[in-house]
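The structure appears below as structure tokens.
Taken together, the values in this text are just the output of simple stated rules run on the coordinates, not laboratory data. Here the structure is a predicted model, which means the values were calculated and not measured. Cβ: placed from backbone, ideal geometry, glycine included. Neighbour counts: every protein chain shown.
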Amino acid sequence: MSKSIYEQIGGAPAMDAAVDLFYRKVLSDERVSGFFDDVDMERQAAKQKGFLTMVTGGPNNYTGRNMRDAHAKLVARGLNDSHVDAIIELLGQTLAELGVGEEQIKQVAALAESVRDDVLCRDAAN
Amino acid sequence: MPTLRYGEHTLNVEDGKTVLETLESAGIDYPNSCRAGTCQSCMMRVVTGDVPDDANRGVNESKRELGYFLACVCRPTTDLEVVGTDASTSTAATVVGLRRCPGDVLEIRLRCARPLDFRGGQFVTLVRSDGLARPYSLANPTGATELELHVRHYPNGAMSNWLAQATPGTELELRGPYGECFYVADDLDRPLLLVGTGTGLAPLYAIVQDALAAGHRGPITLLHGARHSAALYHREELATLAANHPNLEVVASALEVEKGDDVDNTPIDTLALARANTADRSNLRVFLCGDPALIRGLRRRLFLAGVPLRAIAADAFVPAASRNSAQ
């Protein structure tokens with residue numbers, strides 16, 4: 001078995017720096033930054049850490065229900081596919097900066113893709 | 001087999017079981033979500049005993065100092081006594097002194113019925129006999145026995161107006177301490193940046209004193225801001241502290257400056273960003289206290305400027321919702 005991407009980028013001790021990198025990109029991107037204006041930054045960072053851990057294959061206990069509950073209000077404010085696309089793009093940039101190869105970034109993107117319907121609070125895609 | 005004490009329960013921890021699993025097998029529900037040590041929903045605090053190292057990985061330094069850990073990944077190896085994160089303690093306190101400072105600030109001195117175990121920079125909630133409660137920061141360094149609180153006196157403030165008329169002997173209840181804005185002596189050479197407006201100075205004054213007492217060697221910058229320079233208080237105390245410690249720089253900032261007063265009229269957030277930009281940002285430790293809009297905005301801008309999120313401790317002084325209601 002090859003190492004998970006999570007382990008490759010340094011595992012638990014490296015996650016804070018990875019989250020900082022990702023979160024800065026999100027806050028600096030006008031397509032999505034508005035959704036993060038009134039959030040508690042520390043709690044938000046903890047959630048992003050859970051997300052990054054999950055999509056890179058680290059230890060997690062992902063439930064779609066949490067993802068739905070967390071995003072329901074944002075969906076009501078207009079969160080849609082274009083925003084999910086932007087997040088997946090920023091996720092890819094973050095991993096590239098951490099030295100993850102293109103092929104593996106695609107695998108991560110595919111995992112992130114699998115939560116799209118939960119994030120947007122809709123039934124499993126067509 | 002280690003035992004786990006939680007409230008009135010004493011439970012045996014089966015081999016390899018986590019604190020969360022142990023609580024659950026006894027029918028005790030505790031908030032949790034990821035069950036993998038990331039989401040921090042199941043945070044608890046240890047009162048006696050030691051949690052294994054991997055039980056607080058990912059918990060920030062301040063919380064770790066206070067004994068916080070994650071129940072879902074904590075597999076006890078020794079006996080533990082734990083409490084939830086909402087557990088608070090209460091003690092009776094008596095006013096022993098009151099001084100009026102510039103900027104409508106009341107400096108209130110209290111003595112507690114039993115010693116308060118706090119870290120300089122934390123805050124407490126004062127509770128009047130009729131239940132009226134307000135949070136205030138302590139201005140004392142860690143270990144002080146007589147507490148000093150800086151209270152902004154609002155003419156119609158239910159609590160502050162009452163406190164302004166307190167006399168030695170006035171009795172109160174004190175709850176806490178709370179908060180994570182305090183000095184951690186993990187690196188005596190890292191730069192420290194402390195930014196506060198109004199009575200946000202109180203916790204920063206405590207933190208600076210703790211850092212100096214710990215022998216902090218890195219540069220310490222304390223920025224204190226107010227709308228008008230006449231409202232800046234404790235200036236003599238700060239000047240004395242800076243004169244005695246070459247690595248401490250104190251800068252007063254106000255938007256309107258009294259003629260001839262040695263106060264910088266650059267907005268305090270501009271000063272803070274400029275200081276951060278010339279410091280080693282990856283190693284900088286920041287403390288922000290006071291006006292909520294300023295603190296939140298500055299936290300975001302410092303983070304975007306390259307300061308790690310968990311190196312920024314922020315304590316926004318959110319005013320009471322019923323400030324003007326006459327109690």
Open item on the list: One residue is enough: does the range B:110-117 have a residue meeting the conditions in a loop (DSSP other than H, G, I, E, B) and surrounded by 14 or more Cβ atoms within 10 Å (Cβ to Cβ)?
Closed with: yes
Open item on the list: Checking the structure you have, find out if any residue of the range A:13-23 is at the interface with another protein chain (Cβ under 10 Å from one of its Cβ atoms), over 13 Å from the mean Cα position of the chain (by Cα), part of a loop (DSSP other than H, G, I, E, B) and of a type in the set (Asp, Glu).
Closed with: no
Task: Selection within the range A:53-69 - more than 9 Å from every other protein chain (Cβ to nearest Cβ) and crowded, with 16+ Cβ neighbours inside 10 Å - done: A:Val55, A:Thr56, A:Gly57, A:Met67, A:Arg68
- [ ] Output the number of residues of the range B:35-49 satisfying the condition of being among the charged types (D, E, K, R) and either within 14 Å of chain A (Cβ to nearest Cβ) or free of Cβ contacts under 8 Å to residues at least 24 places away in the same chain (or both).
- [x] 1
Task: Residues located in the range A:17-34, provided they are under 15 Å from A:Val55 (Cα atoms) and free of Cβ contacts under 8 Å to residues at least 40 places away in the same chain - done: A:Val19
- [ ] Pick out, from the range A:25-126, the helices (runs of 4 or more DSSP H) lying fully within it that include 3 or more residues that are under 29 Å from B:Ala313 (Cα atoms).
- [x] A:41-55, A:64-76, A:81-97
- [ ] Give A:Ser33, A:Ser2, A:Ser28 a once-over and let me know the one that is out of contact with any strand residue (DSSP E or B) (no Cβ under 8 Å at 6 or more places or on another chain), within 7 Å of another protein chain (Cβ to nearest Cβ) and not aromatic (Phe, Trp, Tyr).
- [x] A:Ser28
TODO: Could you list all residues from the range B:188-240 that are in contact with a Pro (Cβ under 7 Å, 6 or more places away or on another chain) and either in a helix (DSSP H, G or I) or within 28 Å of B:Gly260 (Cβ to Cβ) (or both)?
DONE: B:Ala206, B:Gln209, B:Asp210, B:Ala213, B:Ala230, B:Ala231, B:Leu232, B:Tyr233
TODO: Filter the strands (runs of 3 or more DSSP E) completely within the range B:241-327 down to those with at least 2 residues that are out of contact with any His (no Cβ under 9 Å at 6 or more places or on another chain) and either touching a residue at least 40 places away in the same chain (Cβ under 8 Å) or within 29 Å of A:Leu27 (Cα to Cα) (or both).
DONE: B:285-290, B:312-316
